[in-house]
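*Asks:* The structure's right below; bear with me while I get my questions together.
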Amino acid sequence: MLKMEIQSARKEELIDITDRVAQVIRDSNLKKGIALIYVPHTTCGLTINENADPDVAADILLVLRKAVPDNLPYAHLEGNSAAHVKASIVGSSLQLVVEDGELQLGRWQGIFLCEFDGPRTRQVWLQLAQGGQF
Ligand code: ZN
């Protein structure tokens, strides 16, 4: 397993980690298989979406803020329940296709670490699995 550290700078942000993940895969010499990426946290997550227009990431945060307000009568005493809920909505892992030694994504897709309770130092764990039938 490989561990990467990502430092977030704001309370909430989507951080594009596509290039870092792609470089790890290139450096691994895996030619064909699956990359699992995972965040071992309860108030941040991972998602794939458009990274060409940064307004898309901003709109995702806008909708999550609207869907999961900070001011509900939450029971969790730490005061960050909205961040926990948002992390569960986006999820904590992604599976990626590796072919010809390269991470395969759609033309407009990027991989984002979704920070919901920053700024913090976050870990992203990667595990590569060789193989594939096609
Ligand atoms: Zn908490």
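Every read-out reported here was derived from the displayed coordinates using simple, explicitly stated rules and does not represent laboratory data. Since this is a predicted model, take the numbers as computed values, not measurements. Note that each Cβ is placed from the backbone with ideal geometry, even for glycine, and that neighbours are counted across all protein chains shown.
*Asks:* Using the Kirkwood radius over C-alpha pairs as Rh, can you work out the diffusion coefficient of the chain via Stokes-Einstein at 25 °C, viscosity 0.890 mPa s, in µm² per second?
*Replies:* Diffusion coefficient, whole number: 158 µm²/s.
*Asks:* Treating the beta-carbon of each Lys and Arg as +1 and of each Asp and Glu as -1, no other charges, what is the dipole magnitude of segment 2-130 about its Cα centre, to the nearest 20 debye?
*Replies:* Working: 13 positive and 17 negative charges, 61 e Å.
The calculation lands at about 300 debye.
*Asks:* Report ³J(HN,Hα) in whole Hz for each residue of segment 83-94, in order, from the Karplus equation J = 6.51 cos²θ - 1.76 cosθ + 1.60 where θ = phi - 60°; Gly and Pro get x.
*Replies:* Karplus values, whole Hz, x for Gly and Pro: 5, 4, 5, 4, 4, 5, 5, 7, x, 10, 8, 9.
*Asks:* May I ask you to derive the FRET efficiency for Phe134 and Ser93 from their Cβ-Cβ distance with R0 = 22 Å, giving the value to the nearest 0.05?
*Replies:* Efficiency, from the Cβ-Cβ distance: 0.45.
*Asks:* Calculate one ³J(HN,Hα) per residue across segment 12-21 by plugging θ = phi - 60° into the Karplus curve 6.51 cos²θ - 1.76 cosθ + 1.60, and present them in order as whole Hz with x for glycine and proline.
*Replies:* These are the phi-based 3J(HN,Hα) values: 10, 6, 9, 9, 6, 10, 4, 5, 5, 5 Hz.
*Asks:* Using 0.36 nm times the number of residues separating Asp19 and Gln123, minus their current alpha carbon distance, what extension gain do you get?
*Replies:* 35.9 nm
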